[in-house]
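The values are calculated or read from the model by the stated rules, or taken from the named source; none is laboratory data. Keep in mind it's a predicted model, so treat the numbers as computed, not measured. Cβ coordinates were reconstructed from backbone atoms using ideal geometry, including for glycine residues, and neighbour counts include every protein chain displayed.
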Amino acid sequence: MRVAISLVLLAILAAGGVFAYEGLTLPGPAMSGHGYAAMAIGIVFSVVIGVGLMALLFYSSRHGYDEPPKLTSREDGPR
């Protein structure tokens with residue numbers, strides 16, 4: 001069973017590699033300045049989102065938001 005899963009995953013990886021190679025080696029027109037600008041904006045936006053999410057992860061970890069809830073008993077209240 002493991003061998004079959006491994007073979008299927010390797011076949012998917014190989015197909016992805018062939019697809020990427022074919023896409024990168026196709027001749028075509030050069031990308032315009034608008035394309036480069038859009039790509040740069042997308043890259044910057046992705047990095048900002050990633051850094052922000054990692055900062056929130058470390059902030060919540062440092063301030064105890066990731067701790068499991070703790071039950072406290074009230075001795076003078078209803079149960």
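Key figures for this structure:
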item	result
Among the candidates V48, V3, V8, residue that is surrounded by fewer than 10 Cβ atoms within 10 Å (Cβ to Cβ), in a helix (DSSP H, G or I) and either within 22 Å of the chain's Cα centre (by Cα) or at pLDDT 85 or above (or both)	V3
Pairs with Cβ under 7 Å, 6+ apart, first in the range 66-77 and under 30 Å from M54 (Cα atoms) and small (G, A, S), second at pLDDT 80 or above and assigned to a loop (DSSP other than H, G, I, E, B)	none
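Rundown of residues vs (1) modelled with pLDDT under 80; (2) assigned to a loop (DSSP other than H, G, I, E, B); (3) of a type outside the set (D, E), yes/no style:
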| residue | (1), (2), (3) |
| --- | --- |
| A37 | no, no, yes |
| A40 | no, no, yes |
| I43 | no, no, yes |
| A55 | no, no, yes |
| F58 | no, no, yes |
| K70 | yes, yes, yes |
| E75 | yes, yes, no |
| R79 | yes, yes, yes |
